[in-house]
Amino acid sequence: MLTGVQILLLGGDARQLEVIRKFTELDATVTVSGFDGLHSSLDGAVQAEFDESLFDDIDALLLPAVGTDDNGFIHAVFSDRQMQLEDRHIARLPKHCKVYAGMARPYLRELCEKHQIGLIELFDRDDVAIYNSIPTAEGAIMMAIQNTDITIHGSTSMVLGFGRTGFTMARTLQSLGAKVLIGVRRSEHFARAAEMGFTPFYTSQLLQNTGNIDLLFNTIPTMIVTAQIIANLPSRTVIIDLASKPGGTDFRFAEKRGIKAILAPGLPGIVAPKTAGRIIADCLTQLITDDSIKRGNG
C-alpha cells in the first residue's frame, strides 16, 4: 500500500488513466492536472488547475511518455489548456521527490539536474522496454497487414536491430510463418539469431541483403535505411520504422521512389493503451514503493 504517499500526475493520454487507477487503489494521494476534458470520472484522484502550489510537498511527479517538449510543454490529450513545466515548478519540489517520465528531453534533464531532483526514464529500463515490445510487435503486424496484399506467412521479412524490440518483432514474424532476416551489429546477436532459426547478417552488409524483401521493420534509431538501400529494394516492399522520431529511414527518397514507408513510434500507447498503461503503472508502483520504504527506513 502507498498510504500517505503524495503523487502529482500531469497530462498524458489513455495510458495515464491506468496509472491513476493503480495508485488510487493502493491508497496513494493522487492529484492530477490536464484531465478537465475527460468525460469519465477519476475515482479517488483529485483534479486540480495547473499551478505551482501543486509541486509543494509531493513525493513523486509523474509526467507523460515524453516528459515535456523542448520548451517544457506537457502533452495532455484530455485538455485544451497548456501546461508548461518551468524552473519555478521544479524549484518547489522537495529534494526527496523524484520525477518519472517515459523519456526525457534535454530541457527536463537540465531542470532536474539544476535542482538536484532525481529523474527516472522508464523506457530506459529493460523490463518496461521488453513488455512494451509486445504491443509494438502486434501494432507493427497490424500495420503490415493493412498495407500489403500478401500474408505475413510466406513473406520475406527483414528486421533491423536485435535489441529488445527487434527480438520480439523477429520472433512474432517467425511464429506467423515468415522467413525472417535479422540485421545485427554484434557477433553474439548474430549467433543468437542463427540459433533461433533466423537468417542473420551484419548491418554493414545491409545493401547485399535487400534484393528480395517484402517487409522491412527498422528498430535502429539512426539513419540506416538510406537512399542507397531504398533504391535496391523491390517496389513492393513496405517499410515500417519503429525507431523513435525521426526514425532511421530516408522517408523523402522512399516517397520519391514509390516505396511505402511508415514511421510508427509509440505504438504501445496507440494500439494497446490499457496494456501499455498497466506496464507503466506496475513499474511505477515498484519504484515508488521502494523509494517510500527507503525514506521510511531512513
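The values are calculated or read from the model by the stated rules, or taken from the named source; none is laboratory data. As the structure is a computational prediction, the values presented were derived from the model and not from experiment. Methodologically, a virtual Cβ is constructed for each residue, glycine included, from the backbone with ideal geometry; neighbour enumeration extends over all protein chains shown. Protein only, heavy atoms only, side chains kept; ligands, DNA and RNA dropped before computing areas. Shrake-Rupley method; radii C 1.70, N 1.55, O 1.52, S 1.80 Å.
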Of everything in region 160-178, what is open to solvent by less than 50 Å² (accessible area, probe 1.4 Å), without any contact (Cβ under 8 Å) to a residue 40 or more places away in the chain and in a loop (DSSP other than H, G, I, E, B)? Give them in sequence order. PHE162, GLY177, ALA178
Of residues in region 184-207 being assigned to a helix (DSSP H, G or I) and within 26 Å of the chain's Cα centre (by Cα), the one nearest to LEU233 (Cα to Cα): THR203
How many residues does region 246-264 hold that are surrounded by 16 or more Cβ atoms within 10 Å (Cβ to Cβ) and part of a loop (DSSP other than H, G, I, E, B)? 5
Qualifying positions in region 51-101 - touching a helix residue (DSSP H, G or I) at 6+ places or on another chain (Cβ under 8 Å), basic (Lys, Arg) and farther than 26 Å from THR3 by Cβ: ARG88
Quick one: would you say SER292 is open to solvent by 10 Å² or more (accessible area, probe 1.4 Å), among the small types (Gly, Ala, Ser) and assigned to a loop (DSSP other than H, G, I, E, B)? no
From the list VAL66, VAL99, VAL46, which residue is without any contact (Cβ under 8 Å) to a residue 40 or more places away in the chain, surrounded by fewer than 17 Cβ atoms within 10 Å (Cβ to Cβ) and closer than 23 Å to LEU287 by Cα? VAL46
Look through ILE152, ILE141, ILE117 and report the one residue that is over 14 Å from the mean Cα position of the chain (by Cα), surrounded by 15 or more Cβ atoms within 10 Å (Cβ to Cβ), within 20 Å of GLY12 (Cβ to Cβ) and of a type in the set (Val, Ile, Thr). ILE117
Taking the conditions exactly as written (open to solvent by 30 Å² or more (accessible area, probe 1.4 Å), of a type outside the set (A, V, I, L, M, F, W, C) and farther than 23 Å from CYS283 by Cβ), does ASP27 satisfy them or not? no
I'm trying to understand the selection: among the residues of region 54-74, which are modelled with pLDDT under 95 and outside any loop (DSSP other than H, G, I, E, B)? VAL66
The correct count of residues that are of a type in the set (A, V, I, L, M), over 12 Å from ALA272 (Cα atoms) and without any contact (Cβ under 8 Å) to a residue 40 or more places away in the chain in region 133-151 is 2
Exactly one of LEU181, LEU284 is surrounded by 14 or more Cβ atoms within 10 Å (Cβ to Cβ) and part of a helix (DSSP H, G or I), and that one is LEU284
Of the residues ILE74, ILE58, ILE90, ILE20, which single one is touching a Ser or Thr at 6+ places or on another chain (Cβ under 6 Å) and surrounded by 14 or more Cβ atoms within 10 Å (Cβ to Cβ)? ILE74
